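What follows is a set of notes on a single structure, which appears directly below.
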Amino acid sequence: MSFWEYLGDRRELLVFETWQHASMVFQTVLAALVIGVAAGIAVHRSERLATLATGAAGVAFTVPSLALLGLLITPLGLGVAPSVTALTLYSLLPIVRNTVVGLTGVDRTLVEAARGIGMTRAAVLLRIELPLAWPVILTGVRVATQLAMGVGAIAAYVSGPGLGEQIFSGLARLGGANALNMTLAGTLGIVLLALLFDGCFVVVGRLTTPRGIRD
Amino acid sequence: MSAPAAPRPAPAAPGAGPPGEPAGAPRAPVGRSWRAFAAPAGVLVAGAAWMLYVENSGLDAIERRSLAPHYVWEKTWEHVQLTAVSTLAVLAVALPLGILLSRAWARPGTPIVLAVADIGQSAPTIGVVVLLAVAFGIGFWTTVVALVAYGVLPALRNTMVGLQQVDPALTDAGRGIGMSPAAVLARVELPLASPVILAGIRTTLVLMVGTASIASFVSSGGLGDLITTGVTTQRTPVLLTGCVLIALLALLVDWLGGTAARLLAPKGL
């Protein structure tokens, strides 16, 4: 069976798995964005806490995805729960890091000027600091999405949802019929999804970056 | 008011810079003070402590077989081999290619190469490993090829970016005092680009340790074997040992990369 025949034959399954993969990545990155930005805001004012947070994110980053997924089987079992947890944890790392870096990179004189004209702390955060840090945070979200795409493929090993299923089915049938088709479908599907998401980020970045700091 | 003085690592590349280096940390102690070796010693002690704990925690027959010290040691050694061989291969490919692509005549092609590299990077590792296994059969070298295909991109990117950010005034000055292009490359550009290049190598090393755990899916050994054995036989201690040892190895290698980056970076930067 040629690759195109395979795609036609399994169209429904492939569309479903692609949708699952996209939806899993989208939801986990969204959750990581909320948690990560909140954590970044919480720690960025104290230099010690900020260093600790970026350091911890760096250390956690060295833990391989397979090891993390394996570790999560013990408390969470197989399936969606460990996959979503692992993806969220991985996505958190670049987002927290970039939130802290973005917020500490905001020019202090701007913050003081805003305080000087009578803005409250919350207003300064919402109207000065976060908009200025947004491009850096968005870069972090973009990296997180790419990461989640790849880790999502390995999540199929712990029976997670998505296109990784195709890759592992191909692996199980190594040397047999359709092994190449399955692996290729899974891999190319994820590459296409990653490019699609990346394209969305360019658009989102254009639309959400404040006019004054657009390049 | 204290200005945030320390230049932060580039936010676009997680893990590309020294993670959380305290601002203004002294750089001198490496190699002179015991403190530089506290982190790796801690990692080794943690590994030994874990093995002692797990070996004495009432294992059943299957667990004892998978966790026999010589077997665990063999798997660790396989993992180190995979990591080392693929990192060396990555360097052999990425450094010359990066230098070539950063020459003036090749600069128009740079965005294209980086775009292709980005697309390649978005391919899931497990997919690439399995595709290669389907194409070339399983084994050590298939895995190395997959690891290299995956690891070349960040190293290549950092080499190119590092060389490109060198101030053109400095290379011009080098040419102006009569240095040949090769001498400018060797004595001006590469030393100035070395922090970024070394950061890329460090990222590659850590990436390789993590990715090598996938080798077990295509029967190339390594500590991933402990994880897959643990999952298929439902033996948590085996699974946990694999995870803990890979994570510790990654930390150790990260420390190694960081120390190498500090020792090899030219003074005065």
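For the reader, a short list of remarks on this structure follows.
- Hz values of 3J(HN,Hα) by residue in the range B:150-160 - Karplus curve (6.51, -1.76, 1.60), Gly and Pro given as x: 7, x, 4, 4, x, 5, 4, 4, 5, 4, 5
- For chain B: rounded, prolate or oblate by the Cα gyration tensor [a/c cutoff 1.5]: oblate
- Here the range A:100-201 is treated as a sphere whose radius is the Kirkwood value from Cα pairs; by Stokes-Einstein at 37 °C and 0.692 mPa s it diffuses with a coefficient of 197 µm²/s.
- Axis angle, to the nearest 10 degrees, between helix B:125-136 and the longest C-alpha principal axis of chain B: 80 degrees.
- The value obtained for chain A, namely the Cα convex hull volume divided by the number of residues, is 131 Å³ per residue.
- Largest-first ordering by accessible area, 1.4 Å probe, given options B:C243, A:C200: A:C200, B:C243
- Neighbourhood charge, 14 Å Cβ-Cβ cut-off, centred on A:G199 and excluding it, Lys, Arg +1 and Asp, Glu -1: 0
- Loop-located trypsin sites (Lys or Arg not before Pro) in the range A:139-215 (DSSP state not H, G, I, E or B) with no more than 12 neighbouring Cβ atoms inside 10 Å: A:R214.
- In Å², nearest 10: area of A:E47 left accessible to a 1.4 Å probe: 100
- Springs join every pair of Cα atoms under 10 Å in this Gaussian network model of chain A, and among A:P161, A:P75, A:P135 the largest mean-square fluctuation is at A:P75.
- Solvent exposure, largest accessible area first (probe 1.4 Å, DNA, RNA and ligands not counted), of A:M1, B:M51, B:M160: A:M1, B:M51, B:M160
- Estimated [θ] at 222 nm from DSSP helical runs (n ≥ 4, -39500 (n - 2.57)) normalised by residues in chain B, nearest 500: -22500 deg cm²/dmol
- Positive contributions from Lys and Arg (+1) and negative ones from Asp and Glu (-1), summed over other residues with Cβ under 14 Å from the Cβ of A:S83, come out at -2.
- Kirkwood hydrodynamic radius of the protein assembly as shown, from inverse mean 1/r over distinct Cα pairs, in Å: 23.9
The values are calculated or read from the model by the stated rules, or taken from the named source; none is laboratory data. None of these values were measured; they are calculated from a predicted model. When we count neighbours, we look across all protein chains shown, and the Cβ atoms used for this are built from the backbone with ideal geometry, even at glycine. Surface areas here come from the heavy atoms of the whole protein model, side chains and all, with no ligands, DNA or RNA. Shrake-Rupley method; radii C 1.70, N 1.55, O 1.52, S 1.80 Å.
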